[in-house]
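Undergrad: The structure under discussion is supplied below as structure tokens; questions concerning it will follow.
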């Protein structure tokens, strides 16, 4: 699994970048068999009332599944990142539960020549 953090903002210091990479690595280490690459990109975006917001785009490239992209906009980088982090982890756990339930429901239906679904 590869973790990359990119930004067009000066507010992303090397210390904060290291902390974000460490948190991402810890979270997705458990799901390393299903996550191929994690990339996070930060940028500025104009908000509804002319206020400048920080945008965090977190993309999970999964093995044998479509990619997951989460985009959040908040007042500062850390809040935008943590919201995207929570939403992505929720999505991963939901996908894992769905696959397990699918396997359980198909367990009795599979014959010797059928294809099984990997977790």
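The values are calculated or read from the model by the stated rules, or taken from the named source; none is laboratory data. Predicted, not measured: the structure shown is a model, and the values here were computed from it. Cβ: placed from backbone, ideal geometry, glycine included. Neighbour counts: every protein chain shown.
Undergrad: Only one of (1) exposed (fewer than 15 other Cβ atoms within 10 Å of the Cβ); (2) over 14 Å from the mean Cα position of the chain (by Cα) is not met by residue 25, so which one is it?
TA: The failed condition is (2).
Undergrad: If you don't mind, another one. Quick check: is even one residue across region 33-49 over 17 Å from residue 81 (Cα atoms), over 18 Å from the mean Cα position of the chain (by Cα), in a strand (DSSP E or B) and at pLDDT 85 or above?
TA: The answer is yes; a qualifying residue exists.
Undergrad: Pick from region 66-84 the residues that are touching a helix residue (DSSP H, G or I) at 6+ places or on another chain (Cβ under 8 Å) and in contact (Cβ under 8 Å) with a residue 40 or more places away in the chain: which of them is surrounded by the most Cβ atoms within 10 Å (Cβ to Cβ)?
TA: Among residues in region 66-84 that are touching a helix residue (DSSP H, G or I) at 6+ places or on another chain (Cβ under 8 Å) and in contact (Cβ under 8 Å) with a residue 40 or more places away in the chain, the one surrounded by the most Cβ atoms within 10 Å (Cβ to Cβ) is 81.
Undergrad: With the condition kept exactly as written, say whether any residue in region 51-65 is in contact (Cβ under 8 Å) with a residue 12 or more places away in the chain, assigned to a helix (DSSP H, G or I), touching a strand residue (DSSP E or B) at 6+ places or on another chain (Cβ under 8 Å) and crowded, with 16+ Cβ neighbours inside 10 Å.
TA: Looking for residues that are in contact (Cβ under 8 Å) with a residue 12 or more places away in the chain, assigned to a helix (DSSP H, G or I), touching a strand residue (DSSP E or B) at 6+ places or on another chain (Cβ under 8 Å) and crowded, with 16+ Cβ neighbours inside 10 Å, one finds none in region 51-65, hence no.
Undergrad: For residue 119, are the conditions met, namely being surrounded by fewer than 14 Cβ atoms within 10 Å (Cβ to Cβ) and either modelled with pLDDT of 90 or more or in a strand (DSSP E or B) (or both)?
TA: So residue 119 fails the test.
Undergrad: Give me the residue from region 8-32 that is touching a residue at least 12 places away in the same chain (Cβ under 8 Å) and assigned to a loop (DSSP other than H, G, I, E, B) and, out of that set, farthest from residue 66 (Cα to Cα).
TA: 11
Undergrad: If I filter region 40-50 for residues that are under 17 Å from residue 89 (Cα atoms), out of contact with any strand residue (DSSP E or B) (no Cβ under 7 Å at 6 or more places or on another chain) and surrounded by fewer than 12 Cβ atoms within 10 Å (Cβ to Cβ), do I get at least one hit?
TA: No, every residue in region 40-50 fails to be under 17 Å from residue 89 (Cα atoms), out of contact with any strand residue (DSSP E or B) (no Cβ under 7 Å at 6 or more places or on another chain) and surrounded by fewer than 12 Cβ atoms within 10 Å (Cβ to Cβ).
Undergrad: Something else about it: Only residues that are under 8 Å from the mean Cα position of the chain (by Cα) and either closer than 17 Å to residue 42 by Cβ or at pLDDT 90 or above (or both): list them for region 55-97, please.
TA: 58, 59, 60, 69, 70, 84, 85, 87, 88, listed by residue number.
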